[in-house]
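One structure is given below, encoded as structure tokens.
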Amino acid sequence: MNEMNPGSFTFGPTWWAVFLALVALAVVAVMLLFLWQAGRERAPRQTPAEATRQPDRLATRQPAHKPIGRPA
């Protein structure tokens with residue numbers, strides 16, 4: 001008696017080929033769904049207060065230039 005054991009090739013290579021093709025199509029469908037949804041979302045808009053706000057001066061300050069050697 002032939003038992004259906006999914007861990008072996010007792011189903012036959014055609015069954016496994018169809019099964020793997022369906023799995024591949026499902027993966028592609030999920031990827032396309034994510035891409036479609038990402039294309040529909042708009043980037044968040046900045047409020048005018050955020051766009052005109054000056055950057056933090058402490059975070060953008062360059063280190064003081066120190067001369068090397070004896071002072072002139």
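Listed values, structure above:
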| item | result |
| --- | --- |
| Qualifying residue in region 46-61 (condition: at pLDDT below 90 and under 25 Å from the mean Cα position of the chain (by Cα)) | yes |
| Check on GLY7, at pLDDT 70 or above and not in a helix (DSSP H, G or I) | no |
| Residue in region 14-21 that is of a type outside the set (Ser, Thr, Tyr), at pLDDT below 75 and outside any loop (DSSP other than H, G, I, E, B) present | no |
| First in region 11-35 and touching a residue at least 12 places away in the same chain (Cβ under 8 Å) and at positive phi, second anywhere and exposed (fewer than 10 other Cβ atoms within 10 Å of the Cβ) and of a type in the set (A, V, I, L, M, F, W, C), Cβ under 6 Å, 6 or more apart | none |
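The values are calculated or read from the model by the stated rules, or taken from the named source; none is laboratory data. Just so we're clear, the structure is a prediction, and the values are computed from it rather than from any experiment. Positions of Cβ are generated from backbone atoms using ideal geometry, with glycine treated the same way; all protein chains shown enter the neighbour counts.
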